[in-house]
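Okay, structure first, notes after.
Every read-out reported here was derived from the displayed coordinates using simple, explicitly stated rules and does not represent laboratory data. Computed from a prediction, not measured in an experiment: that's the story for all the values here. Because the Cβ atoms are built from the backbone with ideal geometry, glycine has one as well, and the counts that use them run over all protein chains shown.
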Amino acid sequence: MVLLFLRNRNEYYKFKFIQELYRATNRVGRNIKTRSYHAEVINLSLKDKKMIKKFPVLKCQSRFFGLCKIYTISIPEKDIEDEVKAFQKNMSTALKKEWYITFHTSENAIVVFREKIFVMSCKGIVPVYKKRIDTSHAKDKQRWDDMIQYAKSLGVPDEQCDFLPEDFTKQEY
């Protein structure tokens, strides 16, 4: 306990005000979470797979006898621009296949290809697993359609044009 000697009533009230402000900030601060983006990253899409270890892994799904792993990772919103560029530089060409990585919140999506990045609003998007994403009610319909057209031009099949997990609006970011 700290004892303070206050000279007069004004100092006492200032002290009480600062004390209350500190308590209120701590109460509020405990409830504030730093916002983050989630990203769906396939291990085979990266040259250096160690990059995934830099981030908290929220989920990992194995496919094709464990050779292919889909990681859902969390990236702080303040770092998203730099990390998107870093992931783009690290995208592999080893399997002669075009890859994409989706970074998303419940409001926004960033879809990254080796040569192009698309940033869109998620409003009006309702993804269905293994079906091409429906953009008919999308706020950024033209951007979504341009991105899908670009993906198709790279040979991405319709069933891989779902881009967002079905539960993206319910996830905690």
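Quote to one decimal, in nm, the extra length available between Lys50 and Gln88 on full extension: 0.36 nm per residue of separation minus the C-alpha distance between them. Before the final figure, lay out the partial values.
Details: separation 38, 0.36 × 38 = 13.68 nm, distance 1.46 nm.
Taking 0.36 nm per residue and subtracting the Cα distance, the gain is 12.2 nm.
Cα extents of region 107-173 along the three principal axes, largest first, in whole Å?
Computed over region 107-173, the largest-to-smallest principal extents equal 31, 22, 21 Å.
For region 47-99, which chymotrypsin sites (Phe, Trp or Tyr not before Pro) are both in a DSSP coil and crowded by at most 13 other Cβ atoms within 10 Å?
For chymotrypsin sites (Phe, Trp or Tyr not before Pro) across region 47-99 that sit outside H, G, I, E and B with at most 13 neighbouring Cβ atoms in 10 Å, the list reads Phe64, Phe65.
Show me, for region 82-98, the HN-Hα J-couplings you get by feeding each phi into the Karplus relation (A = 6.51, B = -1.76, C = 1.60, θ = phi - 60°), rounded to Hz, glycine and proline as x.
Karplus values, whole Hz, x for Gly and Pro: 5, 6, 4, 5, 5, 5, 4, 5, 8, 6, 7, 10, 4, 8, 6, 9, 8.
Under a Cβ-only charge scheme (Lys and Arg +1, Asp and Glu -1), can you give me the dipole magnitude of region 27-173 about the Cα centre, in debye to the nearest 20?
480
Over the alpha carbons of region 57-98, what is the largest minus smallest coordinate on each principal axis, giving the biggest first in Å?
The Cα atoms of region 57-98 stretch 36, 26, 10 Å along their principal axes.
Taking the Cα atoms of region 59-173 alone, what are Rg (to one decimal) and Dmax (as a whole number) in Å?
Looking at region 59-173, its Cα Rg and Dmax stand at 13.9, 39 Å.
According to a simple spin-label model (label point 7 Å from Cα along Cα-to-Cβ), what is the distance in nm between Lys97 and Tyr129?
1.9
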